[in-house]
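Colleague: Before I ask anything, here is the structure I am working with.
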Amino acid sequence: MVTVVGNRPQFVKAAAVSTHLRERVDEVLVHTGQHYDPELSDVFFEQLEMPTPDRELEVGSGSHAEQTAAILTRLEPLVRELQPDALLVYGDTNSTLGGALVAAKASVPLVHVEAGMRSWDRAMPEEINRLVVDSLGGLLLCSTETALKNLHEEGLSSHGVVTGDVMADVALAFGPVADERSDVLERLCLEPQAYSVATAHRPGNVDYPERLALVVEVLERAAEAAPVVFPVHPRTRARLEEIGALEGFPERGITPVEPLGYLDMTRLVRAARAVITDSGGLQKEAFLASVPCLTMREETEWVETVEAGWNRLIGLRPEAVEGALAELPAPGATSPAAEIYGGGRAGERVAEAIADWLN
Ligand code: UD1
């Protein structure tokens with residue numbers, strides 16, 4: 001079978017699945033090249049001990065149309081050449097969409113891991129990708145019961161199976177490894193629980209100057225409680241430079257740093273007092289590490305983190321930061337409820353479900 005990956009979270013997801021999958025079927029790993037900077041791409045393959053991609057499409061950045069079109073144009077001949085018995089995609093990015101469309105048009109059965117996630121916000125490019133990919137999928141593997149329920153409401157649940165969340169597998173397996181191997185706290189001169197870690201990259205938050213200014217204000221408020229370390233995604237860095245916000249950060253207690261590899265980021269999150277983010281993956285990683293999370297969005301696909309009391313949706317309301325920080329549990333207050341996301345065995349279940357489905 002052919003597996004298509006292209007960006008940061010997908011490398012993490014494939015790391016949980018590939019080893020189990022390769023025990024059962026032949027896998028050709030295709031990297032679209034949507035993420036190409038070493039700190040967004042290569043470092044994940046190295047640190048997660050993943051098989052290196054067999055094929056590289058090198059599509060790079062561009063508008064949604066350009067990027068998706070480049071994936072379609074370059075992937076289609078490869079799929080024709082390889083004639084796989086199935087094509088596997090992860091998550092909700094343009095690489096997921098491109099892979100799914102090529103599979104559907106070539107009549108190759110499609111497997112979607114992380115199916116059924118919904119934010120109900122069609123302004124998010126990822127939501128459009130999810131709706132299209134799930135409607136094309138022949139096997140829809142869900143991280144949670146909530147995701148399967150969403151598929152049910154769309155009449156798609158007959159293709160659905162709950163496997164648990166593959167990203168959670170990696171967070172659980174590599175958490176202790178990161179604690180041992182990463183020296184990020186020493187490098188950034190941080191004491192455990194004495195800082196917060198922030199990320200922002202959603203177009204809806206960072207591509208509009210007035211909204212980006214609110215993101216900055218949220219981080220400033222958080223920095224009043226504890227210094228904020230801010231690994232900055234390249235798209236966000238470019239936007240912050242445009243509004244001239246980066247220079248003021250140090251005096252406000254915010255330390256911008258380059259995007260971090262998986263082990264450093266995991267270590268940073270696990271030792272943080274709080275996480276402030278608009279990323280889906282980080283909400284979950286904070287939860288699994290029993291670290292409180294403030295989410296700069298109005299909705300989340302990972303509703304379990306909110307229901308369990310570890311995540312607050314503060315949108316872009318700086319005035320909500322203080323109260324949320326006071327009300328959320330202290331880091332490490334309970335042991336992580338890992339079972340909610342499959343308890344670390346989702347990769348194995350995904351591989352099993354695929355092998356059963358193919359036979
Ligand atoms: C993409 C996904 C998003 C996912 C995120 C993970 C889509 C629509 N979005 O967002 O769902 O959460 O990846 O990080 O697929 N850039 C670089 N170097 C790189 C890659 C990108 O500098 O290696 C810069 C470019 O200026 C590019 C911008 O980042 O235009 C945005 O990259 P893109 O791949 O379009 O989306 P992400 O914001 O990374």
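Colleague: Just checking, how many residues over segment 303-322 are assigned to a helix (DSSP H, G or I) and in contact with a Lys or Arg (Cβ under 9 Å, 6 or more places away or on another chain)?
Modeller: Applying the first criterion (assigned to a helix (DSSP H, G or I)) to segment 303-322 yields 303-307, 318-322.
Narrowing further to those that are in contact with a Lys or Arg (Cβ under 9 Å, 6 or more places away or on another chain): 304-306, 318-322.
Residues in segment 303-322 being assigned to a helix (DSSP H, G or I) and in contact with a Lys or Arg (Cβ under 9 Å, 6 or more places away or on another chain): 8 in total.
Colleague: OK, next. Does segment 64-71 contain at least one residue that is farther than 25 Å from Glu348 by Cβ, touching a residue at least 40 places away in the same chain (Cβ under 8 Å) and surrounded by fewer than 24 Cβ atoms within 10 Å (Cβ to Cβ)?
Modeller: So in segment 64-71, the residues farther than 25 Å from Glu348 by Cβ come out as 64-71.
Still in the running and touching a residue at least 40 places away in the same chain (Cβ under 8 Å): 64, 71.
With the extra rule that they be surrounded by fewer than 24 Cβ atoms within 10 Å (Cβ to Cβ), the set shrinks to 64.
Yes, segment 64-71 has at least one match.
Colleague: Still on this structure: Have a look at Ser95, Ser61 and point out the one that is surrounded by fewer than 20 Cβ atoms within 10 Å (Cβ to Cβ), within 29 Å of Ala178 (Cβ to Cβ) and within 13 Å of the ligand (Cβ to nearest atom).
Modeller: Working: Ser95 fails: surrounded by fewer than 20 Cβ atoms within 10 Å (Cβ to Cβ).
Testing whether each residue is surrounded by fewer than 20 Cβ atoms within 10 Å (Cβ to Cβ), within 29 Å of Ala178 (Cβ to Cβ) and within 13 Å of the ligand (Cβ to nearest atom) leaves just Ser61.
Colleague: Having 3 or more residues that are touching a Gly at 6+ places or on another chain (Cβ under 8 Å) is the bar; report the helices (runs of 4 or more DSSP H) wholly within segment 146-265 that clear it. Working first, answer last.
Modeller: Numbers: elements: 166-181, 184-187, 203-206, 209-225, 234-242.
Correct list: 166-181, 209-225.
This table checks each residue for (1) of a type in the set (Val, Ile, Thr); (2) farther than 22 Å from Ala15 by Cα.
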residue: Val306; (1), (2): yes, yes
residue: Gly309; (1), (2): no, yes
residue: Val321; (1), (2): yes, yes
residue: Ala324; (1), (2): no, yes
residue: Pro331; (1), (2): no, yes
residue: Ser335; (1), (2): no, yes
residue: Glu339; (1), (2): no, no
residue: Arg345; (1), (2): no, no
residue: Ala353; (1), (2): no, no
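Colleague: Among the residues of segment 67-82, is there at least one that is assigned to a loop (DSSP other than H, G, I, E, B) and of a type outside the set (Ser, Thr, Tyr)? Even if it seems obvious, please write down each step before you answer.
Modeller: Of segment 67-82, the ones assigned to a loop (DSSP other than H, G, I, E, B) are none.
Scanning segment 67-82, I find no residue that is assigned to a loop (DSSP other than H, G, I, E, B) and of a type outside the set (Ser, Thr, Tyr), so the answer is no.
Colleague: Let me ask another. Which members of segment 205-225 meet the condition of being buried (at least 19 other Cβ atoms within 10 Å of the Cβ) and more than 16 Å from the ligand (Cβ to nearest atom)?
Modeller: Selection gives Val216, Val218, Leu219, Arg221, Ala222, Ala223.
Colleague: Out of segment 2-38, which residues are within 15 Å of the chain's Cα centre (by Cα) and near the ligand (Cβ under 8 Å from one of its atoms)?
Modeller: Within segment 2-38, Gly6, Asn7, Arg8, Pro9, Gln34, His35 qualify.
Colleague: Just to be sure I understand the filter: pairs with C-beta atoms under 8 Å, separated by 6 or more residues or on different chains, first member in segment 26-52 and assigned to a loop (DSSP other than H, G, I, E, B), second member within 11 Å of the ligand (Cβ to nearest atom) and of a type in the set (Lys, Arg). Which pairs pass?
Modeller: From segment 26-52, the pairs are His35/Arg8; Leu40/Arg8; Ser41/Arg8.
Colleague: Among the residues of segment 74-87, are any buried (at least 24 other Cβ atoms within 10 Å of the Cβ), over 13 Å from Val133 (Cβ atoms) and either more than 9 Å from the ligand (Cβ to nearest atom) or at pLDDT below 95 (or both)?
Modeller: Filtering segment 74-87 down to residues buried (at least 24 other Cβ atoms within 10 Å of the Cβ) leaves 75, 87.
Subsequent filtering for residues that are over 13 Å from Val133 (Cβ atoms) retains 75.
Still in the running and either more than 9 Å from the ligand (Cβ to nearest atom) or at pLDDT below 95 (or both): 75.
Yes, the conditions are met somewhere in segment 74-87.
Colleague: Among the residues of segment 339-352, which ones are in a helix (DSSP H, G or I) and surrounded by fewer than 18 Cβ atoms within 10 Å (Cβ to Cβ)?
Modeller: Glu339, Glu352
Colleague: Step by step: first the residues of segment 39-51, then only those that are hydrophobic (A, V, I, L, M, F, W, C) and within 12 Å of the ligand (Cβ to nearest atom), then the one that is surrounded by the most Cβ atoms within 10 Å (Cβ to Cβ). Which residue is that? Let's see the steps before the verdict.
Modeller: First, the residues of segment 39-51 that are hydrophobic (A, V, I, L, M, F, W, C): 40, 43-45, 48, 50.
Next cut, within 12 Å of the ligand (Cβ to nearest atom) only: 40, 43-44.
Details: Leu40: 17, Val43: 19, Phe44: 25.
Among residues in segment 39-51 that are hydrophobic (A, V, I, L, M, F, W, C) and within 12 Å of the ligand (Cβ to nearest atom), the one surrounded by the most Cβ atoms within 10 Å (Cβ to Cβ) is Phe44.
Colleague: Turning to a different aspect of this structure: What number of residues in segment 98-122 are more than 21 Å from Val162 (Cα to Cα) and either in contact (Cβ under 8 Å) with a residue 24 or more places away in the chain or surrounded by 21 or more Cβ atoms within 10 Å (Cβ to Cβ) (or both)? Spell out how you get there, then give the answer.
Modeller: If we filter segment 98-122 for residues that are more than 21 Å from Val162 (Cα to Cα), which is where we start, we get 98-99, 101-108, 121-122.
Pick out the ones that are also either in contact (Cβ under 8 Å) with a residue 24 or more places away in the chain or surrounded by 21 or more Cβ atoms within 10 Å (Cβ to Cβ) (or both) and you get 98-99, 101-106, 108, 121.
Of the residues in that region, 10 qualify.
Colleague: Follow-up question, since we're still on this one. Being more than 13 Å from the ligand (Cβ to nearest atom) and under 25 Å from Glu339 (Cα atoms) is the filter here; which residues of segment 98-143 pass it?
Modeller: Scanning segment 98-143 gives Val111, His112, Val113, Ala115, Gly116, Arg118, Asp134, Leu139, Leu140, Leu141, Cys142, Ser143.
Colleague: Quick check on Val132: is it farther than 21 Å from Phe11 by Cα, part of a strand (DSSP E or B) and in contact (Cβ under 8 Å) with a residue 24 or more places away in the chain?
Modeller: On the way: farther than 21 Å from Phe11 by Cα: yes; part of a strand (DSSP E or B): no; in contact (Cβ under 8 Å) with a residue 24 or more places away in the chain: yes.
Criteria not met by Val132.
Colleague: Here's another thing I want to ask about it. Tell me which of these Val303 doesn't satisfy, since it passes every other one: (1) buried (at least 18 other Cβ atoms within 10 Å of the Cβ); (2) hydrophobic (A, V, I, L, M, F, W, C); (3) touching a helix residue (DSSP H, G or I) at 6+ places or on another chain (Cβ under 7 Å); (4) at pLDDT 95 or above.
Modeller: (1)
The values are calculated or read from the model by the stated rules, or taken from the named source; none is laboratory data. Please read all numbers here as calculations on a predicted model, not as lab measurements. Because the Cβ atoms are built from the backbone with ideal geometry, glycine has one as well, and the counts that use them run over all protein chains shown.
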